[in-house]
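These notes concern the structure reproduced below.
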Amino acid sequence: MAKKSKGRRSQWIMIWFYPLIAIGGLFYPLLGYLMLVMMLFLIIYAYFKARYWCGNLCPRGAFLDIVMPHFTRDRPYPRLFTRKWFRWGIFGLFMSVFISRLTATGGNLIAMGGVFVSMCVITSLIAIPLGIAMRPRAWCAFCPMGTLQESLGKIGQRQRKHNEVKRLFWYCASVT
């Protein structure tokens, strides 16, 4: 019996960006800039909503939630994937490769778009086999953008709590 595809409405909308960038970008590299727009949006949005992007708006996450349940062995992934040092190590590795590849383009806009597309394809070549061998979202356990979003979300949450305490202090001081 086939597994029923799940997915939120937002995921059914966002899933179409995944093949557009990963496949369409191979023929038209400027589509890679859609990844840049998404990355900038998720970095800003993460400050307020942490990993909301991951579960609701990420095109790859939508693909992994909707398509991969039909192919997965549904086995737990190693705890290593959730270790902070491993996640930040993967983040550092991907960002250093990403930055060095962008620098190597010499400012060529088409080549820079191609770097975004190739990073999408490379991470897909990691995410899909992991999703088949383990759970559909095994990649998401250590996704570099998810790691960054989680940290930005914690910073934003601490800042909002700090501001709330400050407001409460000033309110109490003005009342007395």
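The values are calculated or read from the model by the stated rules, or taken from the named source; none is laboratory data. Every value quoted in this text rests on a predicted model; they were computed, and no experiment measured them. So basically every Cβ, Gly included, is an ideal-geometry build from the backbone, and we count neighbours across all protein chains shown.
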Checklist entry - Does region 28-45 contain any residue that is at pLDDT below 95 and over 15 Å from the mean Cα position of the chain (by Cα)? => result no
Next on the checklist: Contact list please: Cβ distance under 6 Å, first residue in region 136-161 and hydroxyl-bearing (Ser, Thr, Tyr), second residue modelled with pLDDT of 95 or more and part of a helix (DSSP H, G or I), pairs at least six apart or on different chains.
Outcome noted: THR147/ARG87; THR147/PHE91
Checklist entry - Taking into account only those residues within region 51-109 that are in contact with a helix residue (DSSP H, G or I) (Cβ under 8 Å, 6 or more places away or on another chain) and of a type in the set (Ser, Thr, Tyr), which is farthest from ALA138 (Cα to Cα)? => result THR105
Checklist entry - Does GLY153 meet the test of being surrounded by 22 or more Cβ atoms within 10 Å (Cβ to Cβ), in a helix (DSSP H, G or I) and not hydrophobic (A, V, I, L, M, F, W, C)? => result no
Next on the checklist: Can you tell me which of (1) surrounded by 19 or more Cβ atoms within 10 Å (Cβ to Cβ); (2) more than 26 Å from GLY55 (Cβ to Cβ); (3) among the β-branched types (Val, Ile, Thr) is the one VAL117 doesn't meet?
Outcome noted: (2)
